[in-house]
Amino acid sequence: MGIVNLLVTFANWLWGLPVLLIIIGGGLYVTIRIGFVQVTRFGYIASQTFGKMFQKAKKGEISPFSAAVAALASTIGASNIVGVPVAIAIGGPGAVFWMWIIAVIGAGTKFVEVSLGVMYREKNEEDQWVGGPYYYCKKGLGGKIGAFLGIFYAFFLMIELVPSIATQAASATSQVVSLGLNQTVVGVVIAIIVGIVCIGGITRIAKVTDILVPFMASLYLLGALIIIIMHIGNLPEAIGSIFQYAFAPRSAFGGFAGSTIALALRWGAARGVYSNEAGLGTAPMAHSTATTDHPIRQAMWGVFEVTVDTLIVCTFTALAILTSGVWSAPGASENTGALAQDAFTGVFGPAGNVFVAVCVSLFVLSTIIVVVFYGEKQAEFLFGLKFSKIWRWVYLVATVVGGLGINITTLYSLTDFFLGMIIFPNMIAVIVLAPKVKEKMDEFFNTPGQYYLADKEAKKNKAVTK
């Protein structure tokens, strides 16, 4: 446990000033370079994403929405249900505020990441589009430095996904104990389903996530909304505490051990990044498979992801935890992973246990399916297609190991360590290549008769026809 404790200690330091500088500072830089597009063009982005969610792709192609939902399947996971309460229990209500800030900045970061993913993608041995940090580091940055950063990123992500998948599986299996189910058996079942889906590649993954993600997200949001409504009288105080304790320490009371501004910032930032994955470089791998007419059009789906994942789903979780009061109940700091379950049980009774267990299991299933694909791509980049199919089994074993009852808080800290290793090479590429994305933006928004101006003209003509 000495090495584990050392890694956890280093992760806590890493997710202080170093990661905050590269994520927030780097995110602010690229956001300024692209003109705060996630805010200034949000109306248009919403019309091109939320407004076109149900458009179908041609046979054999991956639609922009399917690619986005596949990426969203990775981001909407146990962190939304289990990770957010952990952040509140350790960092206090102020952690939610910093999670929001990371989301707004992260939307700009992900916009650039997805653009780069499509700009520098390639066809692999199976004639499929592949892309991501490995490619835009190698091709975009170029030279020995670009090649090194690409290899460094791919290797550490390939390794990071082992504890990450174990974390997801542990989050799901820990919820089923109260239902009388065996954790290990559930872990094995999840591993079998993941293996069957992943064998079919990105096309099968997209088909599964197209159905699974909207269903599970809607189901969970409905349940969380009911909890908030049942405690509506506590809502003003809950929202106020989010802003108040983002800039002030929170003293201990009830089952809450107290928090500092630094802890609120650390846990809010970590859970925000881990949840929406902005700055991690993972989402471009899914987006690079999409059939799209321009990198910027696909990049808008990156903003869509952050909006849905963090600003909607994570916020609903946070408000359910804060309004219900479970975050400060006796014993809360000792069992942070069960706070969501406590909130749902308080409103729905025993059925709340079943509801959370089902939601977490679905969230985890969708996440593991997609991140196994991500991990296979890293193995493919580094060691070839055959090795990637062998490496898949490492992730399936990690899923089973996660069902053995490992401490979730420790797993999150270990995952944070490896995430820190991949954030730096990816963000270096994102920062350096942001001007290239700006050039693509100028092309997209200012080319007469094409892209944005064509969409604008079509909307105008449609309004006149009506």
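Read-outs throughout are calculated quantities, based only on the coordinates presented, and are distinct from any laboratory measurement. Keep in mind the model is a prediction, meaning the values are calculated, not measured. Positions of Cβ are generated from backbone atoms using ideal geometry, with glycine treated the same way; all protein chains shown enter the neighbour counts.
Remind me, what semi-axes does the chain give for its equivalent ellipsoid, largest first in whole Å, using sqrt of 5 times each Cα gyration tensor eigenvalue?
So the three semi-axes of the chain are 33, 25, 23 Å.
With viscosity set to 0.692 mPa s at 37 °C, what whole-number translational diffusion coefficient in µm²/s follows for region 24-109 from Stokes-Einstein and a Kirkwood radius over Cα pairs?
Translational D for this selection: 215 µm²/s.
What span do the alpha-carbon atoms of region 184-251 cover on each of the three principal axes, reported in whole Å from largest to smallest?
Computed over region 184-251, the largest-to-smallest principal extents equal 49, 26, 25 Å.
Grab the alpha carbons of region 94-203, take their convex hull, and tell me the volume per residue in Å³.
160
Put one equal scatterer on each alpha carbon of region 164-308, apply the Debye formula with no solvent term, and list log10 I(q)/I(0) at q = 0.09, 0.11, 0.17 1/Å to two decimals.
Rounded to two decimals, the profile gives -0.46, -0.70, -1.36.
So for region 161-221, what are the equivalent ellipsoid semi-axes in whole Å, largest first, each being the square root of 5 times an eigenvalue of the Cα gyration tensor?
The answer is 22, 16, 11 Å, longest axis first.
Give me the base-10 log of I(q)/I(0) for region 275-393 at each q in 0.10, 0.21, 0.22 Å⁻¹, Debye formula, one uniform scatterer per Cα, rounded to two decimals.
-0.48, -1.17, -1.22
Suppose the chain between N5 and I193 were pulled fully straight at 0.36 nm per residue; how much longer would it get relative to their current alpha carbon spacing?
Taking N5 through I193 to full extension adds about 64.4 nm, to one decimal.
So for the chain, taking the charge dipole from beta-carbon charges (+1 Lys/Arg, -1 Asp/Glu), which of Y134, I242, L263 sits furthest toward the positive end?
Toward the positive end, the furthest listed residue is Y134.
Can you give the local net charge around L7? Use residues other than it whose beta-carbon is closer than 13 angstrom to its beta-carbon, Lys and Arg +1, Asp and Glu -1.
Counting the neighbours of L7, the net charge comes to -2.
Whole-Hz ³J(HN,Hα) for each residue in region 442-457, computed from phi via Karplus 6.51 cos²θ - 1.76 cosθ + 1.60 with θ = phi - 60°, x for glycine and proline: what do you get?
Once rounded to whole Hz, the list reads 4, 5, 5, 8, 10, 7, x, x, 9, 6, 4, 5, 5, 5, 5, 5.
Apply the Karplus curve 6.51 cos²θ - 1.76 cosθ + 1.60, θ = phi - 60°, to the phi angles in region 197-208 and return the couplings in whole Hz, x for Gly and Pro.
For region 197-208, the Karplus-derived couplings read 5, 5, 4, x, x, 5, 5, 5, 4, 4, 5, 5 Hz, x marking Gly and Pro.
Relative to the longest principal axis of the chain, what angle (0 to 90°, nearest 10) does the C-alpha long axis of helix 350-383 take?
40
In which sequence would T173, T203 go, from the one with the fewest C-beta neighbours within 10 Å to the one with the most?
T203, T173
Rg and Dmax of region 371-455, Cα atoms, in Å?
Every Cα atom of region 371-455 included, Rg and Dmax give 19.9, 59 Å.
Placing unit charges on C-beta atoms (Lys and Arg positive, Asp and Glu negative, everything else neutral), compute the dipole magnitude of the chain about its Cα centre in debye, rounded to 20.
That gives the chain a dipole magnitude of about 1000 debye.
Only helical DSSP H runs with n ≥ 4 go in: add -39500 (n - 2.57) per run for the chain, normalise by residue count and round the 222 nm mean residue ellipticity to 500 deg cm²/dmol.
Mean residue ellipticity, 222 nm, calculated: -23500 deg cm²/dmol.
Please compute the contact order of the chain in relative form: average sequence separation of alpha-carbon pairs under 8 Å and at least six residues apart, divided by the residue count, as a percent.
Contact order relative to length: 35 percent.
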